[in-house]
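Heads up, the thing below is written out as structure tokens.
The values are calculated or read from the model by the stated rules, or taken from the named source; none is laboratory data. Here the structure is a predicted model, which means the values were calculated and not measured. Here Cβ is always computed from backbone atoms with ideal geometry, including for glycine, and neighbour counts include all displayed protein chains. Just so you know, the surface numbers come from the protein's heavy atoms only, side chains and all, with ligands and any DNA or RNA stripped out. Shrake-Rupley method; radii C 1.70, N 1.55, O 1.52, S 1.80 Å.
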Amino acid sequence: MPTRKRVVVAGANSGIGLSACKQFAERGYLVAAGALDPGASALREAAESAPGNLRIVPLDVTDDASVDNAFAEIFDQFGRVDVLVNSAGAGCIGALEECSLAEIEHTMAVNFFGVVRATKAVLPRMREAGSGRLIAVSSLGGLLGQPFQDAYCASKFALEGLYESLRPLAAQFGVHVSLVEPGPVDTGFRSSSRGFDRAAEGTANDAYVSLRAQYDALMAAGEGREQSPEDAAACLVAVAEKADPSLRYQTSRFATKLAAIKMADLDGSAVNDFAADWFT
């Protein structure tokens with residue numbers, strides 16, 4: 001009987017990460033759900049519904065000691081990691097002038113350095129084993145710069161550069177590297193982002209108020225095209241199971257359509273025109 005695959009999902013508390021944990025467990029994987037809040041009820045329920053398949057591990061990807069302790073526990077229990085899914089994410093909404101350095105640093109700490117920490121925790125053993133999958137949840141924001149998403153897009157652009165650069169080198173040791181790029185997903189991510197209500201927080205800049213209102217109206221109008229976290233997570237599982245996965249995958253037709261704008265945009269004008277049309 002074949003040995004079951006071991007998968008670690010960082011950012012398992014909610015949204016795409018939680019859905020991925022459930023789907024991997026349902027398919028018979030041994031799942032380590034790395035959670036900032038290991039006591040979260042939704043995650044506990046998922047673990048109880050998949051006894052023996054899903055184990056919760058406390059994990060704060062912004063903290064060196066937490067990452068070291070989590071992966072020490074995972075390797076002790078699982079012996080190895082076949083798939084790492086980096087799904088932890090943080091949002092930040094605001095023009096650059098409005099965003100504090102602390103907000104920008106937090107966004108980078110989760111979305112970029114968190115992936116760096118988790119990847120460095122498993123890559124040496126994958127390299128030595130001659131196999132493994134590294135999958136990171138990026139975003140359309142990792143390809144298309146977007147107004148009021150300065151910090152978020154910067155963090156995802158950095159992630160894209162990291163994994164795109166790592167991929168050909170890791171492949172020399174049998175390790176596959178992939179980026180999964182969702183468009184809008186119905187997870188409440190925007191409303192939980194720092195800077196979602198800058199007027200109430202007292203951090204809004206008067207110069208941007210009317211433009212921010214247009215941005216918010218556009219985002220609200222686009223909520224109808226949000227895909228479910230389950231659909232986005234299914235893409236992660238599919239990538240993990242591909243014999244020879246590509247570098248990039250979008251999780252919806254809408255995301256692929258917008259990603260194509262950037263991929264064919266040699267001088268940047270198409271991306272600029274796309275975002276400039278938000279403000280009319």
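A compact table of results
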| item | result |
| --- | --- |
| C-alpha long axis of helix 15-26 to longest principal axis of the chain, angle in ° | 20 |
| Approximate shape of the stretch 1-151 as ellipsoid semi-axes (Cα gyration tensor, √5λ), whole Å, largest first | 28, 17, 14 |
| Size-normalised alpha-carbon gyration radius of the chain, reference 2.2 N^0.38 Å | 1.00 |
| Taking the chain and dividing mean pair separation by its residue count, relative contact order in percent (alpha carbons under 8 Å, at least six apart) | 18 |
| Test item: Cα-centred dipole of the stretch 64-207, Lys/Arg +1 and Asp/Glu -1 on Cβ, debye | 600 |
| CD proxy at 222 nm, helix term only [per DSSP H run n ≥ 4: -39500 (n - 2.57); per residue of the chain; nearest 500] | -14500 deg cm²/dmol |
| Relative contact order (%) - criterion: Cα under 8 Å, at least six apart; region: the stretch 77-162 | 42 |
| Cross-link pairs beyond the 31 Å C-alpha cut-off, checked among K5/K257; K120/K242; K5/K120 | K5/K257 |
| Cα centre as origin, Lys/Arg/Asp/Glu Cβ charges: the stretch 201-270 dipole, Debye | 260 |
| With every protein chain in place, the stretch 103-194: carbon and sulfur % of accessible area (1.4 Å) | 56 |
| Crossing angle, helix 253-263 versus the chain [Cα axis fit, 0-90 degrees, rounded to tens] | 70 |
| Relative counts (whole %) of C-alpha pair distances in the stretch 160-280, using bins that are 5 Å wide | 2, 9, 14, 16, 18, 16, 13, 7, 4, 2, 0 |
